Amino acid sequence: MVWRLFRFLVLFFFLWVGGCASQNSQTHGDPLEPFNRAMFDLNTNLDKTILIPVSKTYMAITPKPARNGLRNFFQNLRSPVVLANDILQGEWARAGNTLSRFALNSTVGIGGLFDVAKAEGMERHKEDFGQTMAVTGIGPGPYLVLPILGPSSLRATIGRFPDHFFAPLTYTRFDDKNTFTTTKRVLKFTDKRSRSLQSVNKMRESAFDEYTSVRDLYWQTRASAITNGKDNLEDLPDFNVGTVQ
């Protein structure tokens with residue numbers, strides 16, 4: 001369902017941008033602000049009415065060790081996506097680290113439930129095709145708020161497609177359905193949202209304009225991710241900006 005909405009939004013974006021980009025009242029870098037604010041409000045309402053209660057229930061019924069194991073498992077599953085983008089960016093040392101982590105955690109770590117690689121000094125890092133495109137000099141394009149998925153940019157949105165095909169679970173089917181992929185997405189999203197409950201609540205209480213705060217935070221975190229943290233940006237929160245909503 002989410003993937004269908006995502007594909008529809010990409011098509012809708014190209015139809016929308018021609019009519020919106022020339023309006024003088026729109027913020028620089030955010031020519032789709034009216035549309036984005038509408039999506040932001042939709043996501044916020046869904047978050048408050050559905051995601052927050054589900055996340056709180058998940059935390060209440062799932063012991064912390066189990067939640068940590070599930071998070072490690074999902075992070076390990078994403079290793080092939082990270083590895084593919086490490087290689088495409090020519091980051092050979094980081095690619096070796098990703099491959100070593102995946103091999104160690106998948107075996108000694110029992111399928112990734114335990115992050116034994118971190119205990120051995122091999123820190124995890126994130127990469128995606130949006131970052132790969134940025135490294136090659138492709139600009140970010142306008143800011144874009146995706147339904148359910150939250151803050152993004154045109155470049156990052158397009159980058160989701162190659163990453164989808166880099167993921168091994170994309171090719172697993174049960175009874176001719178992507179059962180495993182769908183289940184993984186739901187559980188991963190719930191787990192990530194549950195870990196950001198307090199941080200997001202603090203942001204909502206302190207932000208003068210939550211929309212612009214999230215937008216600015218998105219650009220900062222993406223800039224830091226693209227340079228592999230070399231920007232040394234300070235005071236960034238410890239939660240994934242994609243879970244802000």
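Some points to look at:
- Put a dot 7 Å past the Cα of T49, heading toward its Cβ, do the same for S206, and the two dots end up 3.0 nm apart.
- Cross-link check: pairs K126/K202; K56/K188; K118/K202; K64/K192; K64/K126; K48/K202 evaluated at a Cα-Cα cut-off of 18 Å; pairs beyond the cut-off: K126/K202; K118/K202; K64/K126.
- Gyration tensor verdict on the stretch 31-172 (Cα atoms; rounded if a/c is under 1.5, prolate if a/b is larger than b/c, oblate otherwise): oblate
- Residues E123, E91, ranked from the fewest to the most other C-beta atoms within 10 Å, line up as E123, E91.
- Distance between the pseudo-spin-label points of S213 and K192 (7 Å out from Cα toward the beta carbon): 2.1 nm.
- Counted by Cβ distance under 9 Å from P140, the other residues give a net charge of +2, where Lys and Arg count +1 and Asp and Glu count -1.
- Between S224 and T182, the simple label model (points 7 Å from Cα in the Cβ direction) yields a spacing of 3.6 nm.
- Other-chain or far-sequence residues with amide H under 5 Å of L146's (modelled H): S152
Just so you know, all these numbers are worked out from the coordinates, no wet-lab data involved. These numbers were taken from a predicted model, which means no experiment stands behind them. Neighbour counts run over all protein chains shown; Cβ positions are idealised from the backbone, glycine included.
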